[in-house]
1. Provide the per-residue ³J(HN,Hα) series for segment 109-115, in order, calculated from phi with Karplus coefficients 6.51, -1.76, 1.60 and θ = phi - 60°, each as a whole number of Hz, with x at glycine and proline positions.
2. Relative to 2.2 N^0.38 Å, what does the C-alpha radius of gyration of segment 13-154 come to as a ratio? Two decimals please.
3. Give the residue from Gly29, Ala69, Ala39 lying farthest towards the positive end of the charge dipole for the chain; charges sit on Cβ (+1 for Lys and Arg, -1 for Asp and Glu) and the dipole is referred to the Cα centre.
4. So how many Lys-Lys pairs in the chain land under 23 Å Cα to Cα, not counting same-chain pairs under 8 apart?
5. Quick one: length gained pulling Lys105 to Asp54 fully straight, 0.36 nm per residue minus the C-alpha distance?
6. Around Tyr141, which amide H atoms from residues at least 5 apart in sequence, or from another chain, sit under 5 Å from its own amide H, with H modelled in the peptide plane?
7. Given the rule -39500 (n - 2.57) for each run of at least 4 DSSP H residues, summed and divided by the residues of the chain, what is its mean residue ellipticity at 222 nm, to the nearest 500 deg cm²/dmol?
8. Quick one: 3J(HN,Hα) in Hz for segment 71-88, Karplus 6.51/-1.76/1.60 with θ = phi - 60°, rounded, Gly and Pro as x.
Amino acid sequence: MSEALFYHLEYRSLEDVLPSLLEKTRERGWKANVRIGSAERMETLDAHLWTYSDQTFLAHGTAAEGHSAKQPIYLTTENDNPNSADVLFLVDGAEAVSWGAPEMKAYTRIVLLFDGGEGEALNAARAAWKSAKDAGHDVTYWKESQSGRFEKQG
C-alpha cells in the first residue's frame, strides 16, 4: 500500500507550498505526477514552477510539451502516469479515480493538498481520507501551523 499524506493548508497558498514539496520529492530521487483539478490551474502552476524562485526552478512538463515519460515532474488533469512517478500529488480539487485502484497502490506516496478555508475542499478531503483508509493506505494528516510548518496530527 501507499503512504497517503493529507496536507491541510491554512496560512499559505498552494503556490507557496507545492514547490518545496516537489523539491523534497526530487531530492529523494523520486519522480512526481501532479494531478490538477482544471486546465486553467495547470497553466498557472506550470508557469509558477519555472519562476517561483530567483535561484532555482523545477524541471517539469505537460502533455503539450511532449516527452512525458522523461519528465521528472509531470503536470496533468488526467488520471495518467506517463512518467512512472513514485509520488502522486492531488491538488486543486483533483481526485483519485478510486483509492483502491491498482494504479493508486503503485505509488510510493500520494499527497493530497487542500485549502482548509474552502468548505467544499474540506469536505472532499474528508471523503478522500475515508476512501484512502478503507482502501488500506497508510494515511496521515498534516496541518499547517501559524509558523508555516506542517505538524502531524493524531
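Values quoted throughout were computed directly from the atomic coordinates according to the rules given, and no laboratory measurement underlies them. This structure is a prediction, so every number in the text was calculated from the model and none was measured. So basically every Cβ, Gly included, is an ideal-geometry build from the backbone, and we count neighbours across all protein chains shown.
1. Using θ = phi - 60°, the values come out as 9, 10, 10, 10, 9, 9, 7 Hz.
2. Details: Rg = 14.7 Å, N = 142, 2.2 N^0.38 = 14.5 Å.
Compared with the compact-globule rule of thumb, segment 13-154 sits at 1.01.
3. Gly29
4. 15
5. On the way: separation 51, 0.36 × 51 = 18.36 nm, distance 3.65 nm.
Extending this stretch completely gives an extra 14.7 nm.
6. It is Phe6, Gln153, by chain and number.
7. Calculated mean residue ellipticity at 222 nm is -9500 deg cm²/dmol.
8. With the stated coefficients, segment 71-88 comes to 6, x, 9, 10, 9, 8, 10, 9, 8, 10, 8, x, 9, 6, 5, 8, 10, 10 Hz.
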